[in-house]
1. Select from the range 45-74 the residues that are farther than 25 Å from Asp21 by Cα and of a type in the set (D, E, K, R) and list them in ascending order.
2. How do the pairs read when you match residues in the range 167-178 that are over 16 Å from Glu299 (Cβ atoms) with residues anywhere that are polar (S, T, N, Q) and surrounded by fewer than 17 Cβ atoms within 10 Å (Cβ to Cβ), using Cβ under 7 Å and keeping only pairs 6 or more apart or on different chains?
3. Taking the condition within 25 Å of Asn208 (Cβ to Cβ) and among the polar types (S, T, N, Q), does Thr82 pass?
4. Could you count how many residues in the range 26-54 are part of a loop (DSSP other than H, G, I, E, B) and either in contact with a Lys or Arg (Cβ under 6 Å, 6 or more places away or on another chain) or farther than 17 Å from His73 by Cα (or both)?
5. Among Ile180, Ile206, Ile265, Ile189, which is the only one that is at pLDDT 95 or above, of a type in the set (A, V, I, L, M, F, W, C) and within 30 Å of Lys134 (Cα to Cα)?
6. Applying the selection to the range 90-145, what residues are at pLDDT below 95 and either surrounded by 22 or more Cβ atoms within 10 Å (Cβ to Cβ) or small (Gly, Ala, Ser) (or both)?
7. Taking the conditions exactly as written (closer than 22 Å to Glu307 by Cβ, of a type outside the set (A, V, I, L, M) and in contact with a His (Cβ under 8 Å, 6 or more places away or on another chain)), does Asn178 satisfy them or not?
8. State yes or no: is Gln177 out of contact with any helix residue (DSSP H, G or I) (no Cβ under 8 Å at 6 or more places or on another chain), of a type in the set (S, T, N, Q) and assigned to a helix (DSSP H, G or I)?
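The values are calculated or read from the model by the stated rules, or taken from the named source; none is laboratory data. Because the structure is a prediction, the values reported are computed rather than measured. Cβ sites come from the backbone with ideal geometry, for glycine too, and all protein chains shown count toward neighbours.
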Amino acid sequence: FLTGGTGFVGTALIPFLLESDKIDRIYFMYRNQATFNEEIKELVKNEKIQLVQGDVMKLESLQLIKECDTVIHLVCNSKWGTLDTQSTMDLALGGTKNVVSLMTPESRLVYVSSAAAMLFDEDFDSYQNIEVNKDEFIYSKAKFQTEEYIKKNVKNYIIHRPGEIYDKNDYGFITSQNIISYANEPNIIINGGISLVSRQQVAKAIANSVHSPKSNQIYNLGGENLTIFEFSRLIQKVTGKGHVNFQLNYFFALWGIKVLGKLGIKLFEYEAVKYGGLLWFMDCSKAVSDLGFEVQASETVLKEVCEWLKEVKKI
C-alpha cells in the first residue's frame with residue numbers, strides 16, 4: 001500500500017517497486033487524478049498497480065492496508081509556506097496513526113520522514129552555529145513525533161530521513177526553485193548547510209528497504225554536506241550564471257522578511273530561510289552498508305537538474 005505516490009519522491013519510487021519480482025500488487029492511493037502528470041499516467045497503467053482514491057485522514061480510504069504485508073507511507077506537506085502549520089502536524093502524525101491502526105502485526109511500515117526530524121536528536125545542537133526555539137519548527141516536530149509514535153507502536157518498521165532532494169522533472173519546483181533563485185537573481189546567504197541528494201538514490205534506497213532483512217532502523221539518506229555558501233557557488237559553477245549574493249545574520253534575515261511581509265513585499269520565503277539557517281549535515285554510512293545507497297557528488301546531481309531547467313527555460 002503506497003501513500004504519496006503522486007509526489008516528487010513517490011513518482012521516482014514506483015519504477016523501482018514495479019521492477020521487483022517480490023511485489024505482486026501495489027495499492028496506489030491518490031486524492032485526485034487531475035493532479036497526475038504524464039509520467040504518473042504512464043506508470044499507473046502497469047497491471048501491478050491498483051488505484052485507490054482516498055485520503056490518509058479518512059480511515060475508510062485505507063481499509064486495503066489490512067490486506068498488505070508492507071505499507072510505504074510518504075504523504076505529507078512539503079512545499080515552503082505549508083510546513084510550519086497545524087495541518088502539517090495533523091497530516092504527519094494523524095495520518096500515520098490512521099495507517100498504523102489498520103496494519104496487521106506482521107506488516108512492515110516503511111515511513112519516509114525527513115532530515116528535519118534531526119532537530120530533536122540529542123546531538124543536533126552540538127554542531128550548530130545558533131540556538132533556536134525548536135517549538136517553532138512545526139514540520140520538524142511533526143516528523144520527529146511521528147517517528148517516535150512509529151517506534152512505540154509498530155513492530156516492524158523502517159524510517160528514512162532524506163536530505164535535500166534534487167532531480168529533473170521537479171514540476172512543482174520544490175527544490176529546483178533554489179537553483180532558479182541563485183542562478184537568476186541576487187540572493188541572501190545564511191550560515192546554514194544541507195545534505196544534497198539525488199532523488200533516484202533516495203527512491204532506490206526506499207525500494208531496497210521493503211524486503212531488507214534489517215528492521216526497526218532509521219536511515220539517513222543524504223549526500224555531500226554543503227554550506228549554503230558552497231551550495232550557491234556550486235550553482236554558479238554548474239549554470240555559468242549567478243549574481244552577487246549577500247551574507248546576512250540569520251535572525252536579522254528572518255526579521256527583515258517579516259517586516260517586508262507586513263509591507264506586502266515578499267522577496268524570500270520565510271520558511272526556506274528559517275530552516276536553511278541550520279546545519280542539516282548527515283552521516284549516511286548505515287544506508288550505504290545496509291541498502292546499497294550511493295552518495296553522489298553534488299555537482300553530478302545538480303548538472304542534470306540544471307540541464308532540465310534550461311530545457312524548460314527557467315534558467
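1. Asp55, Lys58, Glu60
2. The qualifying pairs are Tyr171/Asn37.
3. Details: within 25 Å of Asn208 (Cβ to Cβ): no; among the polar types (S, T, N, Q): yes.
Answer is no for this residue.
4. 8
5. On the way: Ile180 fails: at pLDDT 95 or above; Ile265 fails: at pLDDT 95 or above; Ile189 fails: at pLDDT 95 or above.
The unique qualifying residue is Ile206.
6. The answer is Ser126, and nothing else.
7. No; evaluated as a whole, the condition is false for this residue.
8. Working: out of contact with any helix residue (DSSP H, G or I) (no Cβ under 8 Å at 6 or more places or on another chain): yes; of a type in the set (S, T, N, Q): yes; assigned to a helix (DSSP H, G or I): yes.
Spelling it out, Gln177 is indeed out of contact with any helix residue (DSSP H, G or I) (no Cβ under 8 Å at 6 or more places or on another chain), of a type in the set (S, T, N, Q) and assigned to a helix (DSSP H, G or I).
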